[in-house]
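Peer 1: Mind looking over this structure? Questions follow.
The values are calculated or read from the model by the stated rules, or taken from the named source; none is laboratory data. What you are looking at is a predicted structure, and each value in this text was computed from that prediction instead of being measured. Cβ atoms come from the backbone with ideal geometry, glycine included; neighbour counts cover every protein chain shown.
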Amino acid sequence: MLGTLKQQAKQLKGEVLALYFAYRNPRTPWYAKVWAACVVAYALSPIDLIPDFIPVLGYLDDLVLVPLGIVLAVKMIPETIMIASRARAQALIGERKPANWIAAGIIILVWLLLLWLIAARVLNILKA
């Protein structure tokens, strides 16, 4: 069972990377790019919709939302683009582990900005 879970997790990582490559493809429709960017950002983000420390529910978003987002994104992207993106992702995974610290930093900054905006809005409401 553990081997199956590891294989599925590896496949999920490959699909996220393939979505990233599909997002960067100029032939991908704009709406698919937007959705793929959201899915990739959420999958790579250290901040989850439901924090992982909450028993059961914490991992539920990772087990349901990410795969569901991937399925929807794949349906929006033309098949030829996904085939090429998967091949590119597998080639990259085969040669080394992908690490993009700039993208990770941008994702963290976006989440911090969102938290700051929410906190400012809540403080304005409380002051009124």
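Peer 1: Give all pairs with beta carbons closer than 8 Å in which a residue from the stretch 17-38 that is crowded, with 18+ Cβ neighbours inside 10 Å meets a residue that is in a loop (DSSP other than H, G, I, E, B) and among the hydroxyl-bearing types (Ser, Thr, Tyr); count only pairs at least 6 apart in sequence or on separate chains.
Peer 2: Hits for this filter: Ala22/Thr28; Ala36/Thr28.
Peer 1: Oh, and also: Just the residues that are part of a helix (DSSP H, G or I) and either touching a strand residue (DSSP E or B) at 6+ places or on another chain (Cβ under 8 Å) or aliphatic (A, V, I, L, M) (or both), please, taken from the stretch 53-74.
Peer 2: Within the stretch 53-74, Leu57, Leu60, Leu63, Val64, Leu65, Val66, Leu68, Ile70, Val71, Leu72, Ala73, Val74 meet the criteria.
Peer 1: Within the stretch 73-119, can you find the residues that are loosely packed, with under 10 Cβ neighbours inside 10 Å and either at pLDDT 90 or above or of a type in the set (Val, Ile, Thr) (or both)?
Peer 2: To start, the set of residues in the stretch 73-119 that are loosely packed, with under 10 Cβ neighbours inside 10 Å comprises 79, 91, 94-97, 99, 101-102.
Once the filter is applied, which keeps residues that are loosely packed, with under 10 Cβ neighbours inside 10 Å and either at pLDDT 90 or above or of a type in the set (Val, Ile, Thr) (or both), the stretch 73-119 yields Glu79, Ile102.
Peer 1: Which residue pairs have Cβ atoms closer than 8 Å, lie 6 or more positions apart in sequence or on different chains, and pair a first residue in the stretch 61-86 that is over 19 Å from Arg27 (Cα atoms) with a second residue that is acidic (Asp, Glu)?
Peer 2: Asp61/Asp48; Asp62/Asp48; Asp62/Asp52
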